[in-house]
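Some notes on the structure that comes next.
The values are calculated or read from the model by the stated rules, or taken from the named source; none is laboratory data. Every value quoted in this text rests on a predicted model; they were computed, and no experiment measured them. Glycine gets a Cβ as well: all are built from the backbone with ideal geometry, and neighbour counts include every protein chain shown. When the accessible area is computed, the model is the full protein with side chains, heavy atoms only, and any ligands, DNA or RNA have been set aside. Shrake-Rupley method; radii C 1.70, N 1.55, O 1.52, S 1.80 Å.
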Amino acid sequence: MKQEEEDKWIKALRNSLEDYSEPPLAGGWEKLQKELSPAPVAPKKRSYLLYYTAAAAAILLISISTAIIMTLGDSSEKFMSNVHFPEEMKQPNDKQSLKDVVAPVIKEEKTENNLAYDKSDQSTVRSNKAVSGRKSAIKNSLYAPASGSVSDKKESKAENEVKVTVTDRKDNVQLQENKPDTKTDKRNEGTSKKEPLKKSYGSSSRQKVQNNYGSEDLLAEFYEKPSRRHKKGVSLGFATGNSSGIDASGNGKDFMLASDCLSAPGNYMYYSNALVNAVMTNLNWNHKQPVSFGLSVRKQLSGSFALESGVVYTRLESVASMEGYVNKEQTLHYVGIPFKASYLFLDRRYVTLYVSGGGMVEKSVSGKLKVTDHTLNTEKTEDINIKPLQWSLNGAFGVQYNVTGQFGIFVEPGVVYYFKDGSDVETIRKKSPFNLNLQLGLRVSY
Amino acid sequence: MQYFVYLCIYKSIAVKLMSETELTERCLAEDNEARKEFYERYAGQMFGICFRYAGDRDTAQDLLHDGFIKAFSSFDKFTYRGEGSLRAWLSRLMVNISLDYIRKNEANRQMLTLEQIPDNMEEPQEEDISLIPHQLLMRFITELPVGYRTVFNMSVMEQLSHKEIAEQLGINERTSSSQLFRAKKLLAKKINDYLREHNL
């Protein structure tokens, strides 16, 4: 009975029968398939709950994503509405002298003599650059020497100290001060009243300006009148569509010097341009929320992990505009290849939920900058060429609707961090490198 | 038209050539085509297993069906470990399904049958076994009383130890080994009778 060794015949019997096979009944697969198509039988009750959870999560995701896109995409209107000029100021016409434009506002004329100031001290040049607001623009127009323009980012950065630009979305800058007997301090006070986030208001820089030009009286008078008349003065508000706020120092590219336009003091000929230019210098880009569309290929590894790659197209659109004066529109098209790893924590017949993380390398394939100058009535379109590659890292939560076992449509809201691409072009990626993004697409899984 | 035919042939061949790993992955992904291929590839042999345990074809068909349903829903629990591991996993699954059925079915609980054990100690020769058609051998096994048959299947075909069999069936080891002994005796008789009848 106790058999240490197996009987040989038993062994032979096993060998004979272990591959025994009878053809399956006809219709066996069909019967099986019918039962397989809906959710698996065993965890039926549980799967309902999962489906509801999945559906709720998907709806929530989509609504959040839509809300994000809507709020960020609409901010261009907010931007526009914040910009206004005092009613007395007419829209400057082409070549109209600033005097004509400004005179009604100021009311009192000053003799040209007073305008002749020592411009030899070139340190004042710097103050010409980072100017904002009409007040400073006018001032610089009057006194601007013939020094060359500097569009160097570095210098303009330094001059941000003098800038009055609001760096906080809601604040409006009061450019005029109420007290007529304006002295240095007052002006300083006035301008530095609304401390921007940067806190780099250098009263020191201002001091330079004052000291070098000497005649504060003129300045005082120049500004007095307006200040008497317009207690509020000019309000310039800046808003961008970006959740992370404005980075004032990023405006280097937009800086143009008012001083470009002038030759001799008292020359009002080009002041309108100067004004416009000065106005343009303060334009902040309003970047719209980018949306990406991708075709993705995903390879499923064992378990719930998968790797994927593909092709992603992204469109970046930005607008910088001052109503009635100038309008800039920038559109960039990027094509990129992502590399991601995903963890599928819910994978059913129709719905897959997952989280993924990875990186992407993109190249700008085309770009256009359209500048519409309302004062000169010109429209100019130029091509933007960004040579360097754009690298980024991202993480996302994804919902995928599985049309078939291999093919699906997905929505992936997530966060992304963009590395500096070394170019000068201002985009939402430069302004706010860490941001939300939304990707839609088609996916093939295998 | 020709191309269409070639395409169909190619497609069917290509599908047949799906490797075990690919089959696994795609079944895991609930790919219908892969599932069909999986079923068609293994249904025949799995039926054999179920039939061995069930004893009749109808029950075997039901067990086969249930087994595949369970297999498709638990692909995530399977890890591919080399050639043959997929079949081994599926076989184990089918055996478990069959044993569940046997355990639950009260009529099958007659482990201790009073079937007469032949006195004949004569054992068949190894080479004689190959003379007997497979279907017949299978029939001999399915004709065994359920208790003997189950233990025989588990010990000889699945090569489980008596300890494991005892655990699975809720009997003790001694019972298991005596059941096996009796099963072998019965089978030996049937085989020898057949060989004698056919002058082999």
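Criterion first (over 17 Å from the mean Cα position of the chain (by Cα), of a type in the set (Val, Ile, Thr) and crowded, with 20+ Cβ neighbours inside 10 Å) does A:Val403 satisfy it?
Working: over 17 Å from the mean Cα position of the chain (by Cα): yes; of a type in the set (Val, Ile, Thr): yes; crowded, with 20+ Cβ neighbours inside 10 Å: no.
Spelling it out, it is not the case that A:Val403 is over 17 Å from the mean Cα position of the chain (by Cα), of a type in the set (Val, Ile, Thr) and crowded, with 20+ Cβ neighbours inside 10 Å.
When you check B:Leu169 against the structure, is it farther than 18 Å from B:Asn96 by Cβ and crowded, with 20+ Cβ neighbours inside 10 Å, yes or no?
The answer is no for B:Leu169.
State whether one or more residues within the stretch A:309-318 are within 14 Å of another protein chain (Cβ to nearest Cβ) and of a type in the set (Phe, Trp, Tyr).
Narrowing the stretch A:309-318 to residues within 14 Å of another protein chain (Cβ to nearest Cβ): none.
No, every residue in the stretch A:309-318 fails to be within 14 Å of another protein chain (Cβ to nearest Cβ) and of a type in the set (Phe, Trp, Tyr).
Among the residues of the stretch B:149-166 satisfying the criterion of being surrounded by 22 or more Cβ atoms within 10 Å (Cβ to Cβ) and within 14 Å of another protein chain (Cβ to nearest Cβ), which is farthest from B:Asn105 (Cα to Cα)?
B:Val156
Looking at A:Glu426, A:Glu382, A:Glu362, which is the one that is within 30 Å of A:Arg298 (Cα to Cα) and not aromatic (Phe, Trp, Tyr)?
On the way: A:Glu426 fails: within 30 Å of A:Arg298 (Cα to Cα); A:Glu382 fails: within 30 Å of A:Arg298 (Cα to Cα).
Exactly one of A:Glu426, A:Glu382, A:Glu362 is within 30 Å of A:Arg298 (Cα to Cα) and not aromatic (Phe, Trp, Tyr), namely A:Glu362.
Looking at this structure, is A:Val371 surrounded by 14 or more Cβ atoms within 10 Å (Cβ to Cβ) and closer than 16 Å to A:Arg443 by Cβ?
When the stated conditions are applied, A:Val371 does not pass them.
Can you name every residue in the stretch B:177-200 that is away from every other protein chain (no Cβ under 12 Å) and polar (S, T, N, Q)?
B:Asn199
Quick test for you: out of A:Val416, A:Val351, A:Val371, pick the one residue that is of a type in the set (A, V, I, L, M, F, W, C) and within 14 Å of chain B (Cβ to nearest Cβ).
A:Val351
Before we move on, is A:Met360 surrounded by 17 or more Cβ atoms within 10 Å (Cβ to Cβ) and either modelled with pLDDT of 90 or more or among the hydroxyl-bearing types (Ser, Thr, Tyr) (or both)? Give the derivation first.
Details: surrounded by 17 or more Cβ atoms within 10 Å (Cβ to Cβ): yes; either modelled with pLDDT of 90 or more or among the hydroxyl-bearing types (Ser, Thr, Tyr) (or both): yes.
In short, yes.
A:Gly398: assigned to a strand (DSSP E or B), in contact (Cβ under 8 Å) with a residue 24 or more places away in the chain, under 17 Å from the mean Cα position of the chain (by Cα) and over 23 Å from A:Trp285 (Cβ atoms), yes or no?
The answer is no for A:Gly398.
Identify all residues within the stretch A:415-446 that are among the hydrophobic types (A, V, I, L, M, F, W, C), open to solvent by 10 Å² or more (accessible area, probe 1.4 Å) and within 29 Å of A:Ala306 (Cβ to Cβ); write none if there are none.
The answer is A:Val415, A:Phe419, A:Phe434, A:Leu436, A:Leu438, A:Leu440, A:Leu442, A:Val444.
Hey, any hits in the stretch A:267-280 for a residue that's modelled with pLDDT under 80 and touching a Gly at 6+ places or on another chain (Cβ under 8 Å)?
For the stretch A:267-280, residues modelled with pLDDT under 80 and touching a Gly at 6+ places or on another chain (Cβ under 8 Å): absent.
When the residues of the stretch B:52-83 are narrowed to those that are within 12 Å of another protein chain (Cβ to nearest Cβ) and over 23 Å from A:Lys34 (Cβ atoms), which ends up surrounded by the most Cβ atoms within 10 Å (Cβ to Cβ)?
Of everything passing the filter in the stretch B:52-83, B:Arg52 is surrounded by the most Cβ atoms within 10 Å (Cβ to Cβ).
Filter the stretch A:319-333 down to the residues that are touching a helix residue (DSSP H, G or I) at 6+ places or on another chain (Cβ under 9 Å) and open to solvent by less than 70 Å² (accessible area, probe 1.4 Å), then identify the one that is nearest to the other protein chains (Cβ to nearest Cβ). Don't jump to the end; show me each part of the working.
To start, the set of residues in the stretch A:319-333 that are touching a helix residue (DSSP H, G or I) at 6+ places or on another chain (Cβ under 9 Å) comprises A:319-323, A:325-326, A:328.
Narrowing further to those that are open to solvent by less than 70 Å² (accessible area, probe 1.4 Å): A:319-322, A:325-326, A:328.
Values: A:Val319: 44, A:Ala320: 48, A:Ser321: 50, A:Met322: 55, A:Tyr325: 58, A:Val326: 55, A:Lys328: 49 Å.
So the residue we want is A:Val319.
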